[in-house]
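Reading through the structure tokens given below for one structure.
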Amino acid sequence: MSVRHALLAFLSARPKYGLQLREEFEESTGEVWPLNVGQVYTTLQRLERDGMIESDESEDEPGPQKVFKITEAGRVELDQWLNTPPDMAQPPRDELVIKVLSALRVPGVSVHDVIQVHRRYLVELMQQWTRLKEDEADFDLTFALVGDAELFRLDSVVRWLDAADSRLKRAALEPPDTKPAPLIRRRLVTRR
Amino acid sequence: MSLLELHQVSKFYGEGETAVRALYEMDLSVDEGQFVAVMGPSGSGKSTLLTIAGSLEEPSSGEVYVGGAALSRMGRNDKARLRRRAIGYVFQDFNLLPGLSAAENVALPLELDGVPSRRALQIGCSTLERLALADRAGHYPDQLSGGERQRVAIARALVGERRLLLADEPSGALDSRNGEAVMRIIFDACRSGVGAVVVTHDPHLASWADRVVFLRDGRVANAPDAVAGASAGRPLASPG
């Protein structure tokens, strides 16, 4: 999650105060990702140092609050960020995948039971998200979008567990392949 | 009250060494207003569970109770009456009759049960209205979208006094938006007291249920509970 770029996005419409930005950040993520005010100000200082934003003492309001506005360089940076896909070419070091792969090597452990523990837990999490979405989504579009993202992410993990379960079951029924494994590992290359 | 109970239900196909075990000593209880999803890989016994619960097939051993009545003590006619009056089925491929309008399809189980056709049609139309399909009552199945056809099929399954809904992959042929709409209708029906058993391989859709039962090789998949830890039981992720 790029707090830096989210703040640039919030400043793209009009200048704002730091506290306003924190509130907007939490609203924009359906209040799922809380953000402390210290992190907001540290990020704003860095953005100002890098020439992406400028600050001004408030003219309308008395007191020390600064108002921040985006610069032209900030707009270019924001536009580039929005249109650059995140790097997803390399598989992440996924803890759940590692647990299942490790279970295969531990004597006396049923990998199917390990898979089932995680499957059940993930579906329970999905039930909680579906209830929350059911209660809130009609009133809060942002929360509905975040809820969808989380449900699809968990869904994909459960589907991987299902596929792994079936693959391991098939493998247990088939004789092991005696051919040596190929040494070449393909790397994904994507145009960015 | 328990609408559906399975006690130690087993089902074998074939005999001797070639017998295939589809279900083994299965226990399941579904109360009024409860939404149960059944998940499991192909061949795990999900569909067999549904056909036995709906009295379309008999178990090799064990007992099934629908509304407190044991199916093994019922004759063919009693079971047929039970299926018409107490149980609604929903299939993946909708199974609507192409020559009947949406309202006529919904009214059909009532007519088969002896309700005069005009009255059956009135009830059919009001059931469609409850599912926001009033403007589709006169349409034929080929004039409806996939999502609308499945909603009509659910209306047909819920029409009359039926309190037990059995659905086999009801959203399998639908896109995610229509699949979610179908699950929402079943969810709402359960809030009004219907008990539902929905077989699905789709975790997203199973997450609508109050309870999820996992089947594996004809049995409920038992595995130790997740170890309570930093990540377990927390509904919302934080940026960390």
Interchain or long-range residues, amide H under 5 Å from B:Glu32's placed H | B:Leu3
Rg in Å to one decimal, and Dmax rounded to a whole Å, for the stretch A:3-82 via C-alpha atoms = 12.1, 36
Report, in debye and to the nearest 20, how large the dipole of the protein assembly as shown comes out about its Cα centre when Lys and Arg carry +1 and Asp and Glu carry -1 on their Cβ.
-> 1440
Using a cut-off of 18 Å between alpha-carbon atoms, which lysines can reach A:Lys99, once sequence neighbours fewer than 8 places away in the same chain are excluded?
-> A:Lys169
Provide the per-residue ³J(HN,Hα) series for the stretch A:105-113, in order, calculated from phi with Karplus coefficients 6.51, -1.76, 1.60 and θ = phi - 60°, each as a whole number of Hz, with x at glycine and proline positions.
-> 9, 9, x, x, 9, 8, 5, 5, 5
Excluding residues on the same chain fewer than 8 positions from B:Lys79, give the aspartates and glutamates whose Cα lies under 15 Å from its Cα.
-> B:Glu57, B:Glu58, B:Glu63, B:Asp113
Expressed as a rounded percentage, what relative contact order does chain B have, with Cα pairs under 8 Å and six or more residues apart?
-> 29
By a straight-distance test (C-alpha under 16 Å), which lysines pair with B:Lys46 as possible cross-link partners, with residues fewer than eight away in the same chain excluded?
-> B:Lys11
How much accessible area does A:Met88 have with a 1.4 Å probe, in Å² rounded to the nearest 10?
-> 150
Please turn the phi angles of the stretch B:25-35 into ³J(HN,Hα) values with the Karplus equation 6.51 cos²θ - 1.76 cosθ + 1.60 (θ = phi - 60°), one per residue in order, whole Hz, x for glycine and proline.
-> 6, 8, 10, 7, 9, 10, 8, 4, x, 9, 10
Pair A:Glu134, B:Gln122: separation of 7 Å Cα→Cβ label points (nm) | 3.3
With a 1.4 Å probe and every protein chain kept in, tell me what percent of the accessible surface of the stretch B:137-225 is carbon plus sulfur.
-> 44
Here the residues of the stretch A:107-131 whose accessible area is at least 50 Å² smaller with all protein chains than in the chain alone (probe 1.4 Å) are A:Gln116, A:Val117, A:Arg120, A:Tyr121, A:Val123, A:Gln127, A:Thr130, A:Arg131
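Grab the DSSP H runs of the protein assembly as shown that are 4 residues or longer, score each as -39,500 (n - 2.57), total them, divide by all residues and round the 222 nm result to the nearest 500 deg cm²/dmol.
-14000 deg cm²/dmol
Subtracting the Cα-Cα distance from 0.36 nm times the residue separation, let me have the gained length for A:Asp50 to A:Val109 in nm, one decimal.
Taking A:Asp50 through A:Val109 to full extension adds about 15.9 nm, to one decimal.
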Work out, step by step, the length gained on full extension between A:Gln80 and A:Ala144: first 0.36 nm times the residue separation, then minus their alpha carbon distance; give nm to one decimal.
-> 20.4 nm
For the protein assembly as shown, what class follows from the C-alpha gyration tensor (a ≥ b ≥ c being the square roots of its eigenvalues): rounded when a/c is under 1.5, otherwise prolate if a/b is larger than b/c, else oblate?
-> oblate
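Give me the number: length gained by fully extending B:Arg76 to B:Ser60, i.e. 0.36 nm times residue separation minus the C-alpha to C-alpha distance, one decimal in nm.
Details: separation 16, 0.36 × 16 = 5.76 nm, distance 1.71 nm.
Net length gain for the segment: 4.1 nm.
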How would you classify the stretch B:81-222 from its alpha-carbon gyration tensor, with a ≥ b ≥ c the square roots of the eigenvalues: rounded for a/c under 1.5, else prolate if a/b is greater than b/c, otherwise oblate?
-> prolate
Along the stretch B:66-81, what does the Karplus equation 6.51 cos²θ - 1.76 cosθ + 1.60 (θ = phi - 60°) give for ³J(HN,Hα), rounded to whole Hz, x for Gly and Pro?
-> 10, x, x, 9, 6, 5, 5, 9, 9, x, 4, 5, 5, 5, 4, 5
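The values are calculated or read from the model by the stated rules, or taken from the named source; none is laboratory data. The structure displayed is predicted, hence computed values, not measured ones. Glycine also receives a Cβ, built like all others from the backbone with ideal geometry; neighbour counts cover every protein chain displayed. Surface accessibility is based on the protein's heavy atoms, side chains included, excluding ligands, DNA and RNA. Shrake-Rupley method; radii C 1.70, N 1.55, O 1.52, S 1.80 Å.
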